[in-house]
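Beneath this line is the structure, given in C-alpha cells, with notes to follow.
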Amino acid sequence: QKLMIFAKNGDATLLGRAPLSNTEMDAKMLIATNYSNKMALDMRLIDEQLYDLFEGGKVDKAADSIAEYYHKYNDVKGTQFVFSDLGTYNPKTAKAFNVYTAIKDRLVKVHGIPEEEIQFIQQHNTDKKKPELFKKMNEGSVRVLFGSTSMLGTGANAQQRAVAVHHIDTPWRPSDL
C-alpha cells in the first residue's frame, strides 16, 4: 500500500527513505519499479533487519526446484545455472543479505547439497579463475553456478552437463532475455 501511495505522490518517507530530490522525483516510477521488483523477490532486499525469510517465497521455491534437478540428474552430475540480477553476491559485503547466499543456505541445510558444489561467479572474476570454474562445471564437480546476466550471460562455456537454467528475476534489458 505504501509503495502505491509513493508512486502517486513521491513521498519517499513512506518507504523509509529521505525525501526525494528534484531529480529523483522525476524518476519516482523507476524507484517504485525497483522497489516492487525487490519486494517480489525477497522483502529482505528492502530491509534485512525488518523482514525475515518468507516461508514458501521465491528463495524457497528456487532452492526446491534447483534441488529437484540436482537429485534427478545426480547420476550424470547434471549442472545448473541460476541467474539473478537483484540481490547478487558481493564479496565486499558478503555478510549483507543476498539472494544467492539465501538460496545456497537452503540447498545445503535443507537439501543436503555439498557446499563446494555451489559457486558464485563473482568469486571467480579473473581471467584465470573463470576458465577453471567452467572446467569444473563441465566435469560436474561444480553443479550449481549463480551469476548475474552481465557476469554469466555471455561467454560461459560450461554447458556440457547443463540440465537446467533458472531465472530468479527478469533482466531489465530486452536484449538480455
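The values are calculated or read from the model by the stated rules, or taken from the named source; none is laboratory data. If you're wondering where the values come from, they're calculated on a predicted model, not measured in any experiment. When we count neighbours, we look across all protein chains shown, and the Cβ atoms used for this are built from the backbone with ideal geometry, even at glycine. Heads up: the accessible areas ignore ligands, DNA and RNA and are worked out on the full protein's heavy atoms, side chains in. Shrake-Rupley method; radii C 1.70, N 1.55, O 1.52, S 1.80 Å.
Just a few scattered comments:
- Considering the range 73-90, the residues that are open to solvent by 70 Å² or more (accessible area, probe 1.4 Å) and free of Cβ contacts under 8 Å to residues at least 60 places away in the same chain include one that is farthest from Ile168 (Cα to Cα), namely Asp75.
Conditions tested, residue by residue: (1) surrounded by fewer than 20 Cβ atoms within 10 Å (Cβ to Cβ); (2) out of contact with any Gly (no Cβ under 6 Å at 6 or more places or on another chain); (3) within 20 Å of Glu68 (Cβ to Cβ).
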| position | (1), (2), (3) |
| --- | --- |
| Val108 | yes, yes, yes |
| Ile113 | no, yes, yes |
| Lys128 | yes, yes, no |
| Val163 | yes, no, yes |
| His166 | yes, yes, yes |
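- Those residues of the range 140-167 which are without any contact (Cβ under 8 Å) to a residue 40 or more places away in the chain and not in a loop (DSSP other than H, G, I, E, B), in sequence order: Met151
- Residues satisfying the stated conditions in the range 132-148, i.e. open to solvent by 20 Å² or more (accessible area, probe 1.4 Å) and either closer than 18 Å to Asn74 by Cβ or among the hydroxyl-bearing types (Ser, Thr, Tyr) (or both): Lys136, Asn138, Glu139, Ser141
- Residue in the range 168-176 that is over 30 Å from Asp47 (Cβ atoms), without any contact (Cβ under 8 Å) to a residue 60 or more places away in the chain and either under 17 Å from the mean Cα position of the chain (by Cα) or open to solvent by 50 Å² or more (accessible area, probe 1.4 Å) (or both) present: yes
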